[in-house]
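Just below is one structure, and these are the notes that go with it.
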Amino acid sequence: MKFSYLKSTIGKKQVMAVAGLLLAGFVLTHMLGNMLLFVGADMYNLYSYKLISNPLIYLAEAGLVAFFLSHIVMGIVLSIRNKSSRQKSYAVAASGEKKASWSSRFMIHQGMVIAVFVVLHLLTFKFADKQQTTVDGVVMDDLHQLVVDVFQSPVYVIGYVIAVGLLAFHLSHGVHSALSTLGFYSEEKKSKIECLSAIYGWVVGLGFMSQPIYVYLFY
C-alpha cells in the first residue's frame, strides 16, 4: 500500500471503513458469546477460559487494537480535515432527505465516548482481580462472578446501557456508511442496506443491554 494512498481522503475513508466493519463483526461475536451468561455460570466461565487460553488470542488482540486505533485515528483526521476545509456554514439548514441523521452528524462524538467506555470496560473486566472457580476439573477465572458483582452497581449498569446504546447508533449508521465507502452500495439497494444496518446495530446494542439489566434485576 503506497503512502500516498493513506495520505489521500479516499484512502483514509477506506481504511476507516474496513477497520470499522471488522470491529462491527467483533462486537457481534462478543455479544453472542456473552449471551452464555443466560445459560449458566459454568458455561460462561468455560467459554471465557477456552477463549483466553487459546494461544492465538494474543494475535487476535493485537489485530483488534490495530483496527481500533486505525478506525479512531482516521476518524479524527477526517473530522479535522472536514472542518478545516469548510469555508463557511450553510445559510439554510438541510431538510428532508438531505438532512443528516443524528447518528451521522455526531459519529465522531459517539466514537470518543465509546473509546472511553472500551478502556473502562477493559480495566473493569480484563485487568481486574478475579476469583477462581473449577469447571470440569479445570481451575479458571470466575468471570461470571465478576460480571455479577460489577452489575450490582446501578451507576455502572446505567453507564453501560448508555454506552452500548451509543454503540447501537454508531453501528446503525457506520455499517452502511462503510459499505458505501467501499463501493458495496447503490441507490436501488440504499433503503434495504440502511434498514439492515440499523437492525444490525440494535441487535448488538440490545443484546449487550440485556446482560447488565438481567444481572441487576435477577441476581
Against the conditions (1) in contact with a Leu (Cβ under 9 Å, 6 or more places away or on another chain); (2) surrounded by 13 or more Cβ atoms within 10 Å (Cβ to Cβ); (3) farther than 17 Å from Met35 by Cβ, where does Asp136 fall short? Just the number, please.
(2)
Screening Leu64, Leu59, Leu46 for residues that are modelled with pLDDT of 95 or more and within 19 Å of His121 (Cβ to Cβ) leaves only Leu64
Within the stretch 115-130, can one find any residue that is acidic (Asp, Glu) and either in a helix (DSSP H, G or I) or in contact with a helix residue (DSSP H, G or I) (Cβ under 6 Å, 6 or more places away or on another chain) (or both)?
no
Would you mind finding the one in Ser85, Ser89, Ser95, Ser101 that is at pLDDT below 95 and surrounded by 12 or more Cβ atoms within 10 Å (Cβ to Cβ)?
Ser101
Tell me which residues, restricted to the stretch 1-52, are over 20 Å from Gly63 (Cα atoms) and not in a helix (DSSP H, G or I).
Lys2, Ser8, Val39, Gly40
State whether one or more residues within the stretch 193-206 are among the small types (Gly, Ala, Ser), within 20 Å of Ala19 (Cα to Cα) and surrounded by fewer than 18 Cβ atoms within 10 Å (Cβ to Cβ).
no
Under 7 Å between Cβ atoms, which residue pairs at least 6 apart in sequence (or on different chains) link something in the stretch 185-213 that is farther than 30 Å from Val150 by Cα and at pLDDT below 95 with a partner that is among the hydroxyl-bearing types (Ser, Thr, Tyr) and in a loop (DSSP other than H, G, I, E, B)?
Ile193/Tyr185
Filtered residues of the stretch 164-192 (kept if surrounded by 18 or more Cβ atoms within 10 Å (Cβ to Cβ) and among the aromatic types (Phe, Trp, Tyr))
Phe169
Selection within the stretch 138-166 - under 22 Å from the mean Cα position of the chain (by Cα) and not in a helix (DSSP H, G or I):
Phe151
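The values are calculated or read from the model by the stated rules, or taken from the named source; none is laboratory data. The model shown is predicted, which means the values in this text are computed figures rather than measured ones. FYI the Cβ positions are ideal-geometry reconstructions off the backbone, even for glycines, and counts take in every protein chain you see.
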